[in-house]
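What follows is one structure encoded as structure tokens, with my remarks underneath.
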Amino acid sequence: MLKTLTRLIKNQTMIIGKDIIEQYNKNEVENFNSDFDFLQNKLTKAGANVAEIVNKIADFQVAIPSWALGAGGTRFGRFSYGGEPSSLEQKLDDVGLIHALTHSAGAVSLHIPWDIPSDVKAIKEKAVSHGLVFDAMNSNTFQDQPGAKQSYKFGSLNAANEDSRAYAVEHNKEVIRIGKELDSKSLTVWLADGSSFPGQLNFQTALSNTEKSLKEIYAGMPEDWKLFIEYKPYEPNFYSTTIQDWGTSFMLANACGERAFTLVDLGHHLPNSNIEQIVATLMYKGKLGGFHFNDSKYGDDDLTVGSIKPYALFLIFNELVYGMENNPNNPYPAWMIDASHNIKDPLEDLLQSLEAILIAYATALLVDQKALKEAQQNNDVVLAQDILQNAYRTDVRPLLRAARLQTGAALDPIATYRNLKVREQLISERGLNVKATGL
């Protein structure tokens, strides 16, 4: 094992080569072949195009956010994990490790000012070396930075203070400028703007200020860029949030223009919201631009994808798959994991999330949409439920492994990660008492 680990080190950067992955895959191939053959025969008899499904799984890419690579925290504490990335370069190295193991994480989403590159050329070269591109850029107007000339304490884009609004708008324009240098093509705006007490702000004025600010940001984007407007019902303000739901985001996106879209985050809904219906509505109107994956029990818990509500995730993907096939007016969504890891190895958590996302996607691809449509037309509620649940209850993990084998990824990413002692190696390289930038 020590010899293997030594081969992984190159200029103090841990790189998992294809030869290493192939070595570990050899131990799994025999079991994989028997499982895949059984499932392939079953699905083929049912009329599924297995090769096409495997190709779609292999092509599916999810962006990793820079802030998910270190140990997150709560209002009560943060527990460092060791070996966390203390620079943008190290964050790209970590995403590169995940992508090497899965070939499903080929993009990274940066948060400014946490991830301002000091050497753009070097950062772009680092990304290319890992097979990564830069996904949506994320602005930060929910906390004051050291030396800030204006405060966001009482709002940013919605602020009653005109100077605070202008300061927030200029920050977003700065994020766009940095994104242009990195060849990103989109900006995500999430606002903490709202109020904690009745009477603190005028709802209509706050909404009007937000719309004006977003229009100004939109006008400053390149013609080939998209604006994603994220919503959230509460937190950090608990009486009101200015962009509190998908309808408000949709309205603001329409006000900005055709390159502005709503972004759906799974954790940004009140309990028991019908998220799949929200997805269907936005895609029908051509306004679903981005999607953030996580899971929750109570609110915006930012838990591992699929850890709490896997069936809900499947139902959401059923609408996403339907929309991607039937709503050509909607752009291909920008996928991203948005989670915070407080007690798990962040990289293992991301690997688990990727697995859950691909399982939900694969099972949704198995839904017989023609049969489901007929059942709906005939008001056959029992059959419609059976069609969905038969797809959901299919163990599609052999399809994921087939896609990974096809792309040169690890058949079992987490087992390979642990066998290679990746976290131990990162701690050896970076130290135990380090903290990821931006957290």
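Remarks
- Test for G194: is it over 15 Å from R259 (Cβ atoms) and without any contact (Cβ under 8 Å) to a residue 24 or more places away in the chain: no
- Any hit, the range 161-178, residues being in contact (Cβ under 8 Å) with a residue 12 or more places away in the chain and in a loop (DSSP other than H, G, I, E, B): no
- Any hit, the range 306-319, residues being aromatic (F, W, Y), modelled with pLDDT of 95 or more, within 28 Å of G96 (Cα to Cα) and in contact with a helix residue (DSSP H, G or I) (Cβ under 9 Å, 6 or more places away or on another chain): yes
- Where a residue in the range 358-375 is more than 13 Å from V321 (Cα to Cα) and its partner, wherever it lies, is hydroxyl-bearing (S, T, Y), with Cβ under 9 Å and at least six apart: none
- In the range 103-130, the qualifying residues are those that are within 18 Å of A334 (Cα to Cα) and in contact with a Ser or Thr (Cβ under 9 Å, 6 or more places away or on another chain), and the one that is surrounded by the fewest Cβ atoms within 10 Å (Cβ to Cβ) is H111.
- For the residues L313, L320, the requirement of being within 14 Å of the chain's Cα centre (by Cα), among the aliphatic types (A, V, I, L, M) and outside any loop (DSSP other than H, G, I, E, B) singles out L313.
- The residues listed here are S156, S213, S184; of these, the one that is surrounded by 15 or more Cβ atoms within 10 Å (Cβ to Cβ), within 30 Å of K121 (Cα to Cα) and in contact with a Leu (Cβ under 9 Å, 6 or more places away or on another chain) is S184.
The values are calculated or read from the model by the stated rules, or taken from the named source; none is laboratory data. Quick caveat: nothing in here was measured; it's all calculated off a predicted structure. Methodologically, a virtual Cβ is constructed for each residue, glycine included, from the backbone with ideal geometry; neighbour enumeration extends over all protein chains shown.
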